[in-house]
């Protein structure tokens, strides 16, 4: 009759594991929180991508500025 030594028949422990009205309501809330978490992660990914784009743009601008100043320096040396 009792498999576990607690005095509760095995059939009652199986019935307790089935979905109850409280479990169904909690499942809906869990789904909403999971969707919210996924949307927040997607937002973070979009912001990361934007920030990396700005970083690449800044590096490119600095390289161009450095090359431009180098060319100006070369021209000024030739003029002297």
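Points worth noting:
- If you check 40, 70, 78, 65 for being in a helix (DSSP H, G or I) and at pLDDT 95 or above, only one passes: 40.
- Residue within segment 16-30 that is in a helix (DSSP H, G or I), at pLDDT below 80, surrounded by 10 or more Cβ atoms within 10 Å (Cβ to Cβ) and on the phi < 0 side of the Ramachandran plot present: yes
The values are calculated or read from the model by the stated rules, or taken from the named source; none is laboratory data. Just so we're clear, the structure is a prediction, and the values are computed from it rather than from any experiment. So basically every Cβ, Gly included, is an ideal-geometry build from the backbone, and we count neighbours across all protein chains shown.
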